[in-house]
Amino acid sequence: MSNVIAVLTDNARREAALENSSSLKAFGVLEAVVGARVPVTLAELMLVTGMPKPSLHRTLALFEEAGLISREPTGRAYIPGLRLTRFGFEVLQHDAVAAVRRTVLRKLVADLGETCNFSILRRGELVYLDRVEADWPLRLHLPIGTTLPPHCTASGKLLLAFKPDAERSALIEAMPLQRFTDRTITDRQLLAAEIDRIVANGYSVDNEEYVVGVACVAVPVREADGTVAAAVAIHAATARLPLPRALEFVPRLNTAAAAIAQTFV
């Protein structure tokens, strides 16, 4: 009897090991999709993961059905899905690194007296990773995870400006450049000129381009190699904080950006 139990136990252990291995391989597929930073094909995922085509195809189908990944309109390449994106945001909001970043933003808001945010550019959209509100009665409701068009936002234009030339050109060409106010830049040549100014100045502005009566100033958050990974910005009602006055805060925004950049190490 004891021999039978031993055999069953060994079988259970082997099955558990295989199950764990399969789970880790499946997780590796998600890592590959996210890590690619561009739409990735089945053939490319086979090379990265080492999984055979039938197994990989089944895994991708399962993840797609679960909303963890999705396909590009052509159906030939995969990108992170909405469910996986939400999971990423939740991780960023709850880990120790996020706590440090929020502390930096809170200090900045206390210092400047206006709302500040921390954002990235993802899949052609500006995404708020964190945002700390100033204590004013009238505010814009833009919670964490909100996406905005880049062409009419200070952070969005800044993050576009520091993309590699080919990627930036492709993004701008694909954008609809919707008009939100009379000051929204809807001409691609004018947007390209604005981007050149941003690169030269090292900061970006939104001069009532997204919401009438609201201005914004953004600065880059750089990784150790100089790559611009994110943006820190301040925005406020122009009646309370005119744009020329907001520009005086660029040095303090840069200090906060440098502090947040330390969390990337």
> In region 187-209, what count of residues is obtained for those that are in contact (Cβ under 8 Å) with a residue 12 or more places away in the chain and more than 23 Å from Asn254 (Cα to Cα)?
Replying inline: 3
> In region 157-194, what residues are touching a Phe, Trp or Tyr at 6+ places or on another chain (Cβ under 9 Å) and either assigned to a helix (DSSP H, G or I) or farther than 19 Å from Glu208 by Cα (or both)?
Replying inline: Leu158, Arg168
>> Against the conditions (1) within 18 Å of Asp111 (Cα to Cα); (2) among the acidic types (Asp, Glu); (3) in contact with a strand residue (DSSP E or B) (Cβ under 6 Å, 6 or more places away or on another chain), where does Glu248 fall short? Just the number, please.
In response: (3)
> Do we find a residue being crowded, with 17+ Cβ neighbours inside 10 Å, within 20 Å of Leu121 (Cα to Cα) and in contact with a Cys (Cβ under 6 Å, 6 or more places away or on another chain) anywhere in region 234-253?
Replying inline: yes
>> Kindly evaluate Leu247 against the criterion of being in the same structural domain as Leu171 (by TED's automatic domain parsing) and in contact with a Leu (Cβ under 9 Å, 6 or more places away or on another chain).
In response: no
>> Kindly evaluate Asp187 against the criterion of being charged (D, E, K, R), modelled with pLDDT of 90 or more and loosely packed, with under 15 Cβ neighbours inside 10 Å.
In response: yes
>> I'd like to check something: does region 132-142 contain any residue that is modelled with pLDDT of 90 or more and under 23 Å from Ala257 (Cα atoms)?
In response: no
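The values are calculated or read from the model by the stated rules, or taken from the named source; none is laboratory data. These numbers come from a predicted model, not from an experiment. Neighbour counts are summed over all protein chains in view; Cβ atoms, including those assigned to glycine, are modelled from backbone coordinates with ideal geometry.
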